[in-house]
Amino acid sequence: MSDYPSDLTLRPIEHWPAPRTEQPGPSPFSAPWRSTLQLLDRELRAIGAGNRPATAILQIAMREQDFRNDGLPRANAVPRHPGVILSIESSKGPLSFPCDRFTHWQDNLRAIALSLEALRKVDRFGTTPNAEQYTGFRAIGSASSTPIESTAQALRALELIAFPDTDGVDPSGIASSDRIKRLAKANTHPDRTGGDSDAFQRVQDLIKILGWDEGRA
């Protein structure tokens, strides 16, 4: 059985959002791999909504064919570089953590998991009532900011908004871009009961990432 968190999906990296570290170095970590996955699982549960753990996508610098049918990396798969990107749909909003400081991708994932733990512990002091410590890791900001989510992440996020009661799955089986876009807008529109202007703007941002702007979908 896999030790990976149940709500974690592994994918190839589509775009590295920042200049690469020229010379990644050895990490100071000595914890076993299973410990890293357990830490990550705990932190994803801590920033999930309600009793559900946060859903996340881990991007690794591997090819599509380097992943098995169950979504996990093949034992002989070698990444092109050690960088990883962890993107999270959290109760704090969409977050993105790229890291390529260390020579092994597993160590870079541990660095991210430890960062999540440290950010969460800031809350104990009561100085961040609006989760300000996560500001630098927001995946999507205002309409004028540059989004760093991949199209796969954006589609998953939009599906969850369009079909919140079925975990992002269209019960009709249609799942067309027009239908996903229309329902996501309807579910978040400020004029609707339970709608929210920030959530509606986020839907617009996701649509732009997917290239589903008006007249293009």
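The values are calculated or read from the model by the stated rules, or taken from the named source; none is laboratory data. Bear in mind the structure is a predicted one, so any value in this text is a computation, not a measurement. Cβ coordinates were reconstructed from backbone atoms using ideal geometry, including for glycine residues, and neighbour counts include every protein chain displayed. Just the protein is used for accessible areas: all its heavy atoms, side chains included, with ligands, DNA and RNA removed. Shrake-Rupley method; radii C 1.70, N 1.55, O 1.52, S 1.80 Å.
Give the residue that is modelled with the highest pLDDT, with candidates limited to residues of segment 46-62 that are open to solvent by 20 Å² or more (accessible area, probe 1.4 Å) and more than 15 Å from T9 (Cα to Cα). If we take residues in segment 46-62 being open to solvent by 20 Å² or more (accessible area, probe 1.4 Å) and more than 15 Å from T9 (Cα to Cα), then A46 is modelled with the highest pLDDT. Does S2 meet the test of being of a type in the set (S, T, N, Q), under 24 Å from D123 (Cα atoms) and touching a residue at least 24 places away in the same chain (Cβ under 8 Å)? No, not satisfied.
Let me confirm something: among S35, S30, which residue is part of a helix (DSSP H, G or I), surrounded by fewer than 17 Cβ atoms within 10 Å (Cβ to Cβ) and among the hydroxyl-bearing types (S, T, Y)?
Exactly one of S35, S30 is part of a helix (DSSP H, G or I), surrounded by fewer than 17 Cβ atoms within 10 Å (Cβ to Cβ) and among the hydroxyl-bearing types (S, T, Y), namely S35.
When each of G71, G83 is tested for being small (G, A, S), farther than 30 Å from R124 by Cβ, buried (at least 17 other Cβ atoms within 10 Å of the Cβ) and in contact with a strand residue (DSSP E or B) (Cβ under 7 Å, 6 or more places away or on another chain), the lone residue that passes is G83.
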